[in-house]
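Engineer: I'd like to ask you about the structure that follows.
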Amino acid sequence: MRSLLASLVIWGLGWASLTWAADTSVTSGEAQPDWPAEIARLQGQLNRTPHQPVLRQQLAIAYNNYAVALADAGRFDDAIIQMGEAVHLDSASTQLQHNLALIHLKAAQEAYQARRLDKAHQLITQALASNPNSADAYAFLGEVEYNRQRLKEAKAAWEKALALDPAMKGVRERLAQVQQELPVESKFEKLSQLHFDIRYHEGLERSTGFDIQDALSQARREVGSDFAFWPQHKTVVIVYSAEQFRQLRQNAPEWAGGQYDGKIRMPLPGTGMDLNEVKRILAHEYTHALTYELTQNRLPAWFNEGLAEYEGWKHGRPPWLLLRQAMKTTQLIPWAALSSYFTAASSTQQAALAYEQAHSIVAYLVARYSFWKIKRLLQEVANGQPLEHALTAVYRLKPARLEENWRAWLEEQLAASPAEP
């Protein structure tokens, strides 16, 4: 079976629903004041007449609005300092406390997206110190703890979020998921190394000739070399028994040999399983981990799977048997339709053909244009370009022309290497 990338769900906190305390003297569309100059002016006045509560409040608002501007510019450390000054001046203001918590949460979101989970955890804890009744903060905390494989803590955080806001979207489903996983995964053995946090069913130790640490280190080294990207955070890898994998990963199609959903998940290698296939699955799923980070999960499924298959097969030549048959019978899948084949609705045969075809497309682009253009393509997608526009920008050809050229290349490749019986 091929492996599948399940859609990675990043927790959305509904930032737009949270509002800042703004200076009502500044209307929409007007140029923002020079807040540092305004702060200096108000501070001077307050120093000369310290017993003026209105002046003190105006200075707090100036600090608040400067913090807002800094946060909007992504300067969260500076924003936290300025908002802290505002809270110091007007500690009774619940709105200022709320805004300080919100800046911490925004900074935590940035850290979370960069997979700096310890930093995100620290920032969320600081947000809760300012706003201990924030359901958003507890929901986010649950997501961070879940991704750190701290399932008990994730469960407690999500229960707290629901206690504060029973209607909170999505949290009940996440809580149900962790409640299902906790009894199984809490009993797993733990093997921690510099770049991987490995949790495994005890049967893995009896898998003769298989060293998951070596296989993961090889995947990190070789896949990372192609993408010139080696994350410094730990990637969680969970190895289940085959029964546990099917029980807990019910969203994975029957034909999936592994899954990446923020964690690499795979069933225990069977005694009759080719160990090279296990290594291919790990390289495949690790590629998904990298492409998620490099594109903020914006890469269409078919290209994502093509890259993962390309990396998984670096040490072997796939037979592409279904691809050969589809070429002969003119049943190749149009590029625009490929992503629809990577769903649970697809049969094993349909998915297998889609994997082979996506793999061949990436192999063509690498053979014809080299891998460095793949990295440029991912950068275009990370910057918000749809894949079709990114292909045109990087390869200087419309996708339809690229597809036509790929077909010609594929025909030559298949003719040059007859299928083995």
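Engineer: Inspect segment 347-356 for any residue being of a type in the set (S, T, Y), within 22 Å of K375 (Cα to Cα), buried (at least 17 other Cβ atoms within 10 Å of the Cβ) and under 24 Å from the mean Cα position of the chain (by Cα) and give the result as yes or no.
Structural biologist: yes
Engineer: Being on the phi > 0 side of the Ramachandran plot and in contact (Cβ under 8 Å) with a residue 60 or more places away in the chain narrows it down to one of W335, W320, so name that one.
Structural biologist: Result of the check over W335, W320: W320.
Engineer: State whether the residues of segment 332-347 include one that is part of a helix (DSSP H, G or I), farther than 24 Å from Q296 by Cβ and not assigned by TED's automatic domain parsing to the domain that holds V223.
Structural biologist: yes
Engineer: Answer yes or no: is there a residue in segment 391-403 that is assigned by TED's automatic domain parsing to the domain that holds W320, out of contact with any Pro (no Cβ under 7 Å at 6 or more places or on another chain), among the basic types (K, R) and under 28 Å from P319 (Cβ atoms).
Structural biologist: No: zero hits.
Engineer: Going through A289, A308, A326 one at a time, which residue ends up being farther than 20 Å from T235 by Cα and either among the aliphatic types (A, V, I, L, M) or in a helix (DSSP H, G or I) (or both)?
Structural biologist: A326
Engineer: If a residue must be β-branched (V, I, T) and either touching a Gly at 6+ places or on another chain (Cβ under 8 Å) or closer than 22 Å to L96 by Cα (or both), how many such residues does segment 111-161 contain?
Structural biologist: So the count comes out to 2.
Engineer: Inspect segment 82-91 for any residue being of a type outside the set (G, A, S) and within 30 Å of R174 (Cα to Cα) and give the result as yes or no.
Structural biologist: Within segment 82-91, none of the residues are of a type outside the set (G, A, S) and within 30 Å of R174 (Cα to Cα).
Engineer: Given the condition under 26 Å from A114 (Cβ atoms), modelled with pLDDT of 90 or more and either assigned to a loop (DSSP other than H, G, I, E, B) or not charged (D, E, K, R) (or both), answer yes or no: does some residue in segment 238-246 qualify?
Structural biologist: Checking segment 238-246: at least one residue is under 26 Å from A114 (Cβ atoms), modelled with pLDDT of 90 or more and either assigned to a loop (DSSP other than H, G, I, E, B) or not charged (D, E, K, R) (or both).
Engineer: What residue, among those in segment 85-123 that are farther than 27 Å from W35 by Cβ and aliphatic (A, V, I, L, M), is modelled with the lowest pLDDT?
Structural biologist: It comes out as A114.
Engineer: Here is a follow-up. Among helices (runs of 4 or more DSSP H) lying entirely in segment 108-210, which contain 2 or more residues that are acidic (D, E) and surrounded by 14 or more Cβ atoms within 10 Å (Cβ to Cβ)?
Structural biologist: Those helices (runs of 4 or more DSSP H) span 135-147, 151-164, 171-185.
Engineer: Here is a check on your reading of the model: is F140 under 26 Å from L162 (Cβ atoms), among the aromatic types (F, W, Y) and not assigned by TED's automatic domain parsing to the domain that holds H233?
Structural biologist: yes
A quick yes/no check of all residues on (1) among the polar types (S, T, N, Q); (2) outside any helix (DSSP H, G or I):
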site	(1), (2)
P36	no, no
R41	no, no
N47	yes, no
Y66	no, no
L70	no, no
I81	no, no
A86	no, no
S91	yes, yes
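Engineer: Against the condition touching a helix residue (DSSP H, G or I) at 6+ places or on another chain (Cβ under 6 Å) and not basic (K, R), how does L397 come out, does it pass?
Structural biologist: Considered against the rule, which asks whether it is touching a helix residue (DSSP H, G or I) at 6+ places or on another chain (Cβ under 6 Å) and not basic (K, R), L397 comes out as no.
Engineer: Would you check if A351 is in a helix (DSSP H, G or I) and farther than 21 Å from A415 by Cα?
Structural biologist: yes
Engineer: Would you call A167 more than 15 Å from G142 (Cα to Cα), outside the structural domain of L282 (by TED's automatic domain parsing) and at pLDDT 90 or above?
Structural biologist: Spelling it out, A167 is indeed more than 15 Å from G142 (Cα to Cα), outside the structural domain of L282 (by TED's automatic domain parsing) and at pLDDT 90 or above.
The values are calculated or read from the model by the stated rules, or taken from the named source; none is laboratory data. On a predicted model such as this, the values are computed, not experimentally measured, just so you know. Methodologically, a virtual Cβ is constructed for each residue, glycine included, from the backbone with ideal geometry; neighbour enumeration extends over all protein chains shown.
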